[in-house]
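Quick notes on the structure that follows.
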Amino acid sequence: MRKILVIGVGAGDPAYVTVQAVRAMNAADVFFVVDKGDVKDDLVALRKEVLDRHVTSPGYRVVELAEPHRDRTPATSAGYESAVGDWHGRRAAMFADAFATELGPDGVGALLVWGDPSLYDSTLRIFDLLADRGDADGAVPFEVEVVPGVSSVAALAARHRIILNRIGRPFLVTTGRRLREDGWPDGVPDVVVMLDAGCAFEHFTGRGMTVYWGAYLGTPDELLVAGPLDEVAGRIREVRTEARARKGWIMDTYLLRAP
Ligand SMILES: C[S@@+](CC[C@H](N)C(=O)[O-])C[C@H]1O[C@@H](n2cnc3c(N)ncnc32)[C@H](O)[C@@H]1O
């Protein structure tokens, strides 16, 4: 049967790639790369660097797939979830077609996933959609193996030398959009924020919080700011705005810690 390896390659530094990931990469015949056609060429370049550095077995192929259209206009979480659902359906069809045409019956394909595949990444959800579809539209069966990677959250904690939870307490990982819409969660003293298109932390000033912020973690452009939120919120906004303008994109993650 065809096999697809979903390989977490870490969130930035090529040295985040684990020994298990290297072994998995060297077992793959075909790497499927989704070309997002956007400004994040740096991310595609980083993935290529990972392949160049770690794949020693010759003869692998790279198949580029064009990212299906995604509606990014919805203003609410409900609209956002439905637009993402449609987009996942189109991505599932794209992968089904690629696996059938590019892999032999016992071929091994691989997808390099940024950070860790278990965290805000749709690859495994899309493969569940494919499993539900069975062999509709000529889709071929395949098994999936997952290799964990160093997530941006792990990188953030390591760079600030912090533990994400207080002793015996929970922490929440959420998106900037959700935190803005839902407000601070009850009974949770620590919140990790990802996918924040704005500066959701600004809604939580005046409460004695501490922030640990990081952008482009693990890359030569890495930026770190930490301190009392009331004192550093303005600086984070400035640094973020300047970096985003200079590079054309930004990926940042932060921990908000209630007193
Ligand atoms: C689609 S999610 C993917 C997360 C990824 N699977 C992981 O394990 O980190 C993208 C978000 O992850 C965070 N992120 C990923 N890489 C990052 C990095 N190198 N530095 C800071 N944040 C990062 C940002 O919040 C970004 O908006």
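Quick check: at a probe of 1.4 Å, how many percent of the accessible area of the stretch 107-207 sits on carbon and sulfur atoms? It would help to have the intermediate numbers written out before the result.
Details: 2680 of 5130 Å².
Roughly 52 percent, rounded to a whole number.
Enumerate the amide H contacts of Gly8 below 5 Å, restricted to partners 5 or more residues apart or on another chain; note that Pro and chain-start residues carry no placed amide H.
Correct list: Val113, Val147, Gly149.
Taking every alpha carbon pair in the chain, what does the distance histogram look like in 10 angstrom bins from 0, in percent?
In order of increasing distance, the bins hold 6, 27, 33, 23, 9, 1 percent.
Using the Karplus curve 6.51 cos²θ - 1.76 cosθ + 1.60 with θ = phi - 60°, work out ³J(HN,Hα) for each residue of the stretch 58-64 in order, rounded to whole Hz, and write x for Gly and Pro.
Taking θ as phi minus 60°, the curve returns x, x, 7, 10, 10, 10, 8 Hz for the stretch 58-64.
Semi-axes of the stretch 133-215's equivalent ellipsoid from the Cα gyration tensor, sqrt of 5 times each eigenvalue, largest first, rounded to whole Å?
They are 34, 18, 13 Å, listed from largest to smallest.
What are the ³J(HN,Hα) couplings of the stretch 240-256, residue after residue, when phi is run through the Karplus curve with 6.51, -1.76, 1.60 and θ = phi - 60°? Round to Hz, x for glycine and proline.
Those phi angles translate into 5, 5, 5, 5, 5, 5, 5, 9, x, 7, 9, 10, 10, 9, 8, 9, 9 Hz.
In nm, to one decimal, how far is the modelled label at Glu231 from the one at Arg133, with both set 7 Å along Cα→Cβ?
With each label point 7 Å from Cα toward Cβ, the separation is 5.4 nm.
Can you give the calculated 222 nm mean residue ellipticity of the chain, where each DSSP H run of n ≥ 4 adds -39,500 (n - 2.57) and the sum is split over every residue, rounded to the nearest 500 deg cm²/dmol?
Numbers: 7 runs with 94 residues, N = 259.
Result for the chain, helices only: -11500 deg cm²/dmol.
Note the full-extension length gain between Asp221 and Ala158 as 0.36 nm times their separation in residues minus their Cα-Cα distance, in nm to one decimal.
Gain in length upon complete extension: 21.0 nm.
Taking a probe of 1.4 Å, how large is the accessible area per residue of the chain, in Å²?
It amounts to 50 Å² per residue over the chain.
Restricting everything to alpha-carbon atoms, can you work out Rg to Rh for the stretch 168-259 with a Kirkwood hydrodynamic radius?
0.95
In vacuum, with every alpha carbon of the stretch 5-132 counted as one equal point scatterer, what does the Debye formula give for log10 I(q)/I(0) at q = 0.14 Å⁻¹? Two decimals, please.
-0.66
The values are calculated or read from the model by the stated rules, or taken from the named source; none is laboratory data. These numbers come from a predicted model, not from an experiment. In this analysis, Cβ positions are derived from the backbone assuming ideal geometry, glycine residues included, and neighbour counts consider all displayed protein chains. In case anyone asks, the SASA skips ligands and DNA or RNA and just uses the protein heavy atoms, side chains included. Shrake-Rupley method; radii C 1.70, N 1.55, O 1.52, S 1.80 Å.
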